[in-house]
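Data first, discussion second: the structure below is written as structure tokens.
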Amino acid sequence: MSEKTVDKKSRFTSWIVIFSLIYIIFLEIVVKPKIMAVGGKFVTPVETTYYDGIETEFVLLKDETPFNAASVNEPMHYDEGTRLGFGEIKAGKTTSNEYALLSKRLQDINDRISIYKNQINDIDKELRRSIINGNYSLAVDLVGSFSYQNNESVGQINVEDLEKEKANITNQINHMAGEIIWNPPGIISYTLDGFEDLKNESLYLTSRDEFKSILNRPVVKSYSRDFKIIDNFKATAMFYAPNNGRLKELDGKYVTYSIDNFNTFGKGIALVPADYDKEGVAGIFINSHIEDIYQMRKGKINVIFDSVKALIIPTGSLIKKDGVVGVLARDVNGIIQFRPVTLLKREAEKSYVSQGNEKGMINVNGEDVLTLQYYEDVVLRPDADMIGQIFIRNEFK
């Protein structure tokens, strides 16, 4: 081999080394800093369901009948939560007929008063709507109907007399010590908490301030052998949620609710009293699975209007491009793309965005565009200059 050939080969090798060094320096100085600026700063969104509705505190109203264990002349052998039929527990020495008749009359009075109040509430609601809508002829008819409901001379309910009779019967029942007292049907509980005075109908008698007072009232549980029987066919979750038009629209209709942070769900009837606009107190009437919640008194409730398939992303990953809110996402090819998002809820640390329609699209300025996909990585500290750059998946994650 000639000396000239060796010299050419040596120079060629030197150029390879030089270009390699330049490439390495380029990677270190230009590419790597850009990657390291966000290197290890990708996160995969979390799939979830976002529930749109009301989140607030509630008090559970139940119809409960307390009993003094000392008055029971037979050994108590019922476990907590046992369902009892009428008359399985008795106390005292005289006949049970009088107590049974009084209890039946008291229930009848409560039912009649409740029906009357519901009728008045319905008339009041319609009257307000007719005045707002300018339908004054209907308003006149409703006023006449209201007067008819309150007119004793036409055989309608005399609520004042019923209330007096109710108080008298209640007093008699409370002073029947030594007489046979038969339990009403329901669930037996040995945990008394001081809220037994609240009934299902209390929803319609509770103002905003009274609700807050009830909510702040301490739950003082007593675990003596005194007991109560809880009506296992109805309960009412009473809550404060003012100025909610959607809730008003659902009055009298079934709604979905959750009282354990969306782990389980139930159905109940939305109840919006006539004075809701003033007081903001509403409720959900529950008439199933009372045995699962009868021990509850207070808690947080979510009244659910809609549910949306969503993704949870860091709030710091949100960015605006041309006035559109979105994120920078690394697609399946490792290319950084701007993905517009529909923001459902924004919190300090995390935000909820919609997954879009069945094709993963959302509408932006009248056009359907691809939104963030569950399999795409989100840039935690976005920079618009990154759009179009390629980042090898998982290399810097």
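All of the numbers you see were taken from the coordinates with simple rules; none came from a lab. Because the structure is predicted, anything quoted here is derived from the model rather than measured. Every residue, glycine among them, receives a Cβ derived from its backbone with ideal geometry; neighbour counts consider all protein chains shown.
Computed from backbone phi, the HN-Hα couplings of the stretch 258-273 come to 9, 10, 9, 6, 6, 7, 9, 10, x, 10, x, 9, 5, 10, 10, x Hz, rounded to whole numbers (Karplus: 6.51 cos²θ - 1.76 cosθ + 1.60, θ = phi - 60°; Gly and Pro given as x).
In order along the stretch 115-125, phi translates into HN-Hα couplings of 4, 4, 5, 5, 5, 5, 4, 5, 5, 4, 4 Hz, rounded to whole numbers, per the Karplus curve 6.51 cos²θ - 1.76 cosθ + 1.60 with θ = phi - 60° and x for Gly and Pro.
Put simply, the amide H of residue 299, placed in the peptide plane, has neighbours under 5 Å in 58, leaving out anything fewer than 5 places away on its chain.
Under 8 Å for C-alpha pairs, at least 6 residues apart: give me the relative contact order for the stretch 318-387, rounded to a whole percent.
Values: 115 pairs, mean separation 22.7, N = 70.
Answer for the stretch 318-387 is 32 percent.
Annotation: amide H of residue 63 within the under-5 Å range of 200, 231, sequence separation 5 or more or interchain, hydrogens built in the peptide plane.
Just subtract the alpha-carbon distance of residue 325 and residue 345 from 0.36 nm times their residue separation and send over the number in nm, one decimal. Display every interim value, and only then the final one.
Numbers: separation 20, 0.36 × 20 = 7.20 nm, distance 1.28 nm.
In short, 5.9 nm is gained.
The amide H of residue 335, built 1.01 Å from its N in the peptide plane, has 391 as neighbours under 5 Å, considering only residues 5 or more places off or on other chains. Sorted into 10 angstrom bins from 0, the C-alpha pair distances of the stretch 207-303 split as 14, 43, 34, 8, 1 percent.
Do any of 104/125; 228/248; 62/267; 164/199 go past 27 Å between their Cα atoms, and which? Don't skip to the end; give the middle numbers.
Details: 104/125 32 Å; 228/248 34 Å; 62/267 17 Å; 164/199 18 Å.
Exceeds cut-off: 104/125; 228/248.
Each of residue 110 and residue 278 was given a label point 7 Å from its Cα along the Cα-to-Cβ line. The distance between the two points is 2.7 nm.
Bridging of residue 320 to aspartates and glutamates at a Cα separation below 20 Å is possible for 331, 347, 349, 367, 368, 376, 377, 383, 385, once same-chain residues fewer than 8 apart are set aside.
Quickly rank 247-254, 279-286 as a protection proxy: mean count of other C-beta atoms within 10 Å, highest first. The partial results should precede the final answer.
Details: 247-254: 13.8, 279-286: 22.4.
Per-residue mean Cβ counts within 10 Å order the peptides as 279-286, 247-254.
Stretched out fully, how many nm does the piece from residue 373 to residue 264 gain, at 0.36 nm a residue minus the Cα gap? Before the final figure, lay out the partial values.
Numbers: separation 109, 0.36 × 109 = 39.24 nm, distance 2.73 nm.
The span from residue 373 to residue 264 would gain 36.5 nm if fully extended.
Rounded to whole numbers, the Karplus 3J(HN,Hα) couplings from phi for the stretch 246-257 are 5, 5, 5, 5, 8, 3, x, 10, 6, 10, 8, 9 Hz, using 6.51 cos²θ - 1.76 cosθ + 1.60 with θ = phi - 60°, and x at Gly and Pro.
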